[in-house]
Amino acid sequence: MLQPQEIPQEAPGAEPQAAKAAIRGRAIVVTSGKGGVGKTTTTANVGAALAQRGAKVALIDADVGLRNLDIVLGLENRVRYHLLDVLESKVPLDDALVTDKRVATLSLLPAAQSREKDEVDTELMRALVEQLRERFDYVIVDSPAGIEKGFINAVVGAQEAIIVCTPEVSSVRDADRVVGLLGNRFSPQLIVNRVRPGLVKRGKMLSVDDVNGILRLPLLGVLGDEADVIVSTNRGEPVVFDPNSRTGNAYRTIAARIAGDDVPIPAPPAEEGFMGKLGALFRI
Amino acid sequence: MIDADIGLRNLDLVMGIEKRIVFDLVEVVEGRCQLRQALIKDKRFDSLSVVPAAQTRDKQSVSEEQMTQLVAELAEWCDYVLIDCPAGIEHGFRNAIAGASEAIIVTTPEVSAIRDADRVIGKLNERNQPVRLIINRIRPDMVRMGDMMSVDDVCDILSAELLGIVPDDEEVIDTTNRGEPVVLDPTNRLALIYHKIARRLEGELVPFTNLAAPSLFERIFGTWKAG
Amino acid sequence: MFDFLSRFFKPQGSSETAKERLRLVLLSDHLQLAPDVVEALKYDLIAVISKYVEVDVESCEVTFEQQDRTVLMLANIPIVSMKVRTLDQPAEPEPIVLGEPELEVQPATVTSHAHAAAPRRRRRRRKRLGAGSDNKQHAVTGPLGESSN
């Protein structure tokens, strides 16, 4: 039975926490339990936004066998080596890291596509994240869906967690389970994704308060259900690169909050009025 | 129905039977209860029962052989055994597909969903399990604007037989909130679509219908389908 | 005519981009997932090249990479020496008639979801010999299925 204590703790003989924090970057896992709620999009955009602020950011795609961080970032053409190549010492880390040409301080360590999650050694994964923390200000790990081995490996090197959840009962329930499994060590924070304010107003969708009434986590941000996210993954251009994107703005704000800036929680605007809808109709 | 998502169960919630769970899948395979004790008979549908997943266990608690056996037992008196498969392609996925003779892949018309669906189809093909495709949450307005891949696009890429096309619908969220499957509401257009999917599963040839009246543009350059 | 008109009226949206990117990524995924196909291709490739030059078989490598709008096959074939010609061997190899490559790796056929049946190893692969057939150590072929000449 998967208990919180089964999430691998600090390696034995590790340095005291305070000393470590002084010399190393932050390792954050983005997870959810439920699939399809926006983990990968969040990892890509939060990472890119932090890099835009000048931070050195390494993104790790821990979804071995179902990799998508590369395609969401639009870097799929440049993937040569992957996580397992590095863990198995087949190539040096620098050969596998893909540096984004749009933001020089953003790098991606892609997942393997033709391997299985079982093949990842948990302790080697932990060591890799530690190694990356020495070079990068942020190491953000994109967790796979579920709570199986893939999740365990994604979580192992991280000290912080971002839980992504949509305002739907099954997503909230899964998030709650994940929070339980993570335990206190991670101080997880919450992003509520795909909120439709109009539906919330009509009582047809859980509100953010409803969701967090159950989860009781510090709220990082609230994102709407916007079409531009779909367009952005179609193109492989994270929304944070579009200064006109509302969602991009929200992600930038989330990044600022992660970095410690005292900025308000971003929230989606109220539903577009009639004029807004008319405008959309005539859009070419 | 079997909820194979051990540890992250949700079929009970979506079906609205979460308060009636006494025994679960893991207890059945461990022999701590009879199968019939775990089966929850749905009060709204005469011939529908659900085997819920365990919530506080993990997917390693069940083996592929145990799942195959359980499904076989159910198949002795059921016309259909539907297995709700967990996300991913790990142990839980392998368990879920173990006892199945065919598969329904559900994808949305988004890049990462399609890529994952492709990988899963590949794994099912390895086991020679026939696959049919449901495209979920399609948004006709976005397809028309060229901002979302169409049904044809998705079918081309995945090369799987199409079973159903389900549009993005605000009402579905409300129904899952209440634990009332959308097919219970005959006024909802999704109910009709799910019924068509069921008929196709029964072997009937049901055409895919248009969700919206075609625009002038579509009438000139060809309509798009859904249903 | 209709095509011209449709370009005029039809919005050129991101879905076209998405489709194209997916096509390439899946091709690349499938090739990685079909090591038996790659093995067979490598075997046949080495067999053909070995007719003209001696190669270090153990060190031969065949990989696939995605680059921009295409998937490239990269073959790294270390050449040890030219083959010794005997008196009754022709000075130039006879031109080989073009046939369909046995391994037709087009997106449509490769989307048999990563388990395309491996061609039988004994099958000969007829390949055009053109300007590129000199002592190259690193042959690049692409887009997949066509020679670079």
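The values are calculated or read from the model by the stated rules, or taken from the named source; none is laboratory data. Just so we're clear, the structure is a prediction, and the values are computed from it rather than from any experiment. Cβ coordinates were reconstructed from backbone atoms using ideal geometry, including for glycine residues, and neighbour counts include every protein chain displayed.
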*Which helices (runs of 4 or more DSSP H) does the stretch B:85-178 wholly contain that include 3 or more residues that are away from chain C (no Cβ under 11 Å)?*
B:91-98, B:170-178
_Test: residue in the stretch A:150-159 that is away from chain B (no Cβ under 14 Å), surrounded by 22 or more Cβ atoms within 10 Å (Cβ to Cβ), in contact with a Lys or Arg (Cβ under 9 Å, 6 or more places away or on another chain) and among the β-branched types (Val, Ile, Thr)_ = yes
_Residues within the stretch B:146-200 that are among the β-branched types (Val, Ile, Thr), over 16 Å from the mean Cα position of the chain (by Cα) and more than 25 Å from A:LYS201 (Cβ to Cβ), tallied_ = 3
*Return yes or no: is A:ASP137 within 14 Å of another protein chain (Cβ to nearest Cβ) and among the acidic types (Asp, Glu)?*
no
*Filtered residues of the stretch B:1-41 (kept if more than 18 Å from the chain's Cα centre (by Cα) and part of a loop (DSSP other than H, G, I, E, B))*: B:GLY7, B:ILE21, B:VAL22, B:PHE23, B:ASP24, B:GLU30, B:GLY31, B:ARG32, B:CYS33, B:GLN34, B:LEU39
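Name the helices (runs of 4 or more DSSP H) wholly inside the stretch A:53-128 in which the number of residues that are over 20 Å from B:ARG115 (Cβ atoms) and more than 10 Å from every other protein chain (Cβ to nearest Cβ) is 2 or more.
Those helices (runs of 4 or more DSSP H) span A:83-87, A:93-96.
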*Look at the stretch A:19-52 and say how many of its residues are within 12 Å of chain B (Cβ to nearest Cβ) and assigned to a loop (DSSP other than H, G, I, E, B).*
7
*Exactly one of (1) within 14 Å of chain C (Cβ to nearest Cβ); (2) touching a residue at least 24 places away in the same chain (Cβ under 8 Å) is unmet by A:LEU182. Its number?*
(1)
*asked:* Any residue that is among the small types (Gly, Ala, Ser) and either at pLDDT 90 or above or on the phi > 0 side of the Ramachandran plot (or both) - is there at least one of those in the stretch B:166-181?
replied: yes
*Going by the structure shown, is B:VAL81 over 19 Å from A:SER170 (Cβ atoms) and not in a helix (DSSP H, G or I)?*
yes
